[in-house]
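A.B. asks: First the structure, which I've put down as structure tokens, then a few questions once you've had a look.
The values are calculated or read from the model by the stated rules, or taken from the named source; none is laboratory data. Nothing here was measured: the structure is a model prediction, and the numbers come from that model. As a convention, Cβ positions derive from the backbone with ideal geometry for all residues, glycine included, and neighbour counts pool all protein chains shown. Ligands, DNA and RNA are excluded from the accessible area calculation, which covers all protein heavy atoms including side chains. Shrake-Rupley method; radii C 1.70, N 1.55, O 1.52, S 1.80 Å.
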Amino acid sequence: MIITKEQVLQALGNVEEPDLKKDLVTLNMIQDIHIDGNNVSFSVVLTTPACPLKALIENACRNAISHFISKEAVVSINMTSRVTTQKNTGVPGVKNIIAVASGKGGVGKSTVAANLALGLAKAGAKVGLIDADIYGPSVPIMFGLEGARPQASTVDGKTRIEPIEKYGIKLLSIGFFTDPNQPVPWRGPMVSTAVKQLFNDADWGELDYLVVDLPPGTGDIHITVTQTFPVTGAVIVTTPQNVALADAKKGIGMFLMPAINVPILGVVENMSYFTPAELPENKYYIFGKGGGHKLAEQLDVPFLGEIPLVKGISESGDAGKPTIMDEDGPMTNAFLEMASRVAQQVAISNAKALIG
């Protein structure tokens, strides 16, 4: 039999994108169809390179060609991606701004933000990370960049800050511009101006995701960022204890206020359980169990995963090499899965916004 392009499109019209609940053809995710006898090739353009359902979708496409056209067809699929965006982020070249926040300090928010950015980059996305915690910037230490100073360049007659690149992502932190041994006694307006400069005065280039590590709480910086730049969504970091969950709930409430109105991409539960290196199969729930999952259920937001408490995480941060960079580390998969789920929620949020 002669296989036609129309047959291929008709067959693939039976493959549904699990998150967006529409078929791949309707979503314009099938491109570059080529047919040579029984050889059929095409590209599937996913909404993110970090798509956790990539293998599932590819297998469904192969099955569709086999079932609806011919079992003899030799199928070659190029699984590629084009990160979606729903609006102008206010930062040229940046498709999505992801805010990482927590209701209180000490829950490992900066660790999650750093490993989220690196996880998205490891999946193939172009990523930047802004350390917007003016009073306690962590990025210089976590990336081994103490004492680093960004360079300036001139773009279209304007002076731009060149973000520092390390481990495949672009970085800016107020810590690059201040003395690490001195406090930053700035009032609200000065803080807001400084944060805006990290967005507006930097040459970020083309980015799929710009991750923003916000300070703990719900203060000036949160309001400045969310009201100045259209944030795609927020990731809330908590630990299992009730006091952390109560504060995380307030943080979620802030993003959902009508004046701010930022979608919640989900909740990450950090320090979920302790696993000793010598007993990797054992889990000790020293701070309680399932609190983050229950919080996500109560507020009807996605649960993005549990991050164990492992001594190596803090050691990696202190050594200037985030734990996700350890190819053999037990934490790498946990952070990669979290990054995939965040990317998945960004794509869903963007699709909902475009549909209206």
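A.B. asks: If I ask for residues that are touching a strand residue (DSSP E or B) at 6+ places or on another chain (Cβ under 8 Å), under 23 Å from VAL191 (Cβ atoms) and not aliphatic (A, V, I, L, M), which ones from the range 112-145 would you list?
C.D. replies: Going residue by residue through the range 112-145, those that are touching a strand residue (DSSP E or B) at 6+ places or on another chain (Cβ under 8 Å) are 112-114, 116-118, 120-121, 124-133, 137-140, 143-145.
Going one step further and asking which of them are under 23 Å from VAL191 (Cβ atoms), we end up with 112-114, 117, 128-133, 137-140, 143, 145.
Across the range 112-145, the qualifying residues are GLY128, ASP131, ASP133, PRO137, SER138, PRO140, PHE143.
A.B. asks: While we're looking at this one, here's another question. Hey, can you tell me all the residues within the range 148-176 that are open to solvent by 40 Å² or more (accessible area, probe 1.4 Å) and either without any contact (Cβ under 8 Å) to a residue 24 or more places away in the chain or under 22 Å from ILE324 (Cβ atoms) (or both)?
C.D. replies: GLN151, ALA152, THR154, ASP156, GLY157, LYS158, GLU165, LYS166, TYR167, GLY168, LYS170
A.B. asks: Looking at this structure, is PHE42 more than 22 Å from the chain's Cα centre (by Cα), buried (at least 19 other Cβ atoms within 10 Å of the Cβ) and of a type outside the set (Ser, Thr, Tyr)? Give the steps one after another, and end with the answer.
C.D. replies: Working: more than 22 Å from the chain's Cα centre (by Cα): yes; buried (at least 19 other Cβ atoms within 10 Å of the Cβ): yes; of a type outside the set (Ser, Thr, Tyr): yes.
Yes.
A.B. asks: Still on this structure, please answer the following. For the range 153-169, how many residues are at pLDDT 90 or above and at negative phi? Spell out the reasoning first.
C.D. replies: Here is the first cut: in the range 153-169, the residues at pLDDT 90 or above are 160-169.
Restricting the remaining residues to those that are at negative phi gives 160-166, 169.
Total satisfying the criteria: 8.
A.B. asks: Please state which of the following conditions GLU206 fails to meet, knowing it meets all the rest: (1) over 22 Å from ALA347 (Cα atoms); (2) open to solvent by 60 Å² or more (accessible area, probe 1.4 Å); (3) not polar (S, T, N, Q).
C.D. replies: Going through (1) over 22 Å from ALA347 (Cα atoms); (2) open to solvent by 60 Å² or more (accessible area, probe 1.4 Å); (3) not polar (S, T, N, Q) one by one, GLU206 breaks only (1).
A.B. asks: Then there is this: Filter the range 321-339 down to residues that are in a loop (DSSP other than H, G, I, E, B) and modelled with pLDDT under 85, then give me how many there are.
C.D. replies: Qualifying residue count for the region: 7.
A.B. asks: Suppose the filter is in contact (Cβ under 8 Å) with a residue 60 or more places away in the chain, touching a helix residue (DSSP H, G or I) at 6+ places or on another chain (Cβ under 7 Å) and of a type in the set (Val, Ile, Thr); does VAL112 pass it?
C.D. replies: no
A.B. asks: Separate question: Going by the conditions given, is ILE65 β-branched (Val, Ile, Thr) and more than 23 Å from ILE169 (Cα to Cα)?
C.D. replies: Working: β-branched (Val, Ile, Thr): yes; more than 23 Å from ILE169 (Cα to Cα): yes.
So ILE65 fits the description; yes.
A.B. asks: Something else about it: For the range 138-203, please list each of the strands (runs of 3 or more DSSP E) lying entirely inside it that holds at least 2 residues being within 19 Å of LEU214 (Cα to Cα) and within 28 Å of the chain's Cα centre (by Cα). If you could, list the steps in order and put the result at the bottom.
C.D. replies: On the way: elements: 151-155, 158-162, 164-166, 169-173.
The strands (runs of 3 or more DSSP E) meeting that bar are 169-173.
A.B. asks: Starting from residues that are closer than 16 Å to ILE134 by Cα and aliphatic (A, V, I, L, M), keep the ones in the range 83-111 and report whichever is surrounded by the fewest Cβ atoms within 10 Å (Cβ to Cβ).
C.D. replies: It comes out as VAL100.
A.B. asks: Scanning the range 304-320 for residues that are within 21 Å of the chain's Cα centre (by Cα) and over 23 Å from GLU281 (Cβ atoms), which turns out modelled with the highest pLDDT?
C.D. replies: Ranking the qualifying residues of the range 304-320, first place goes to LEU304.
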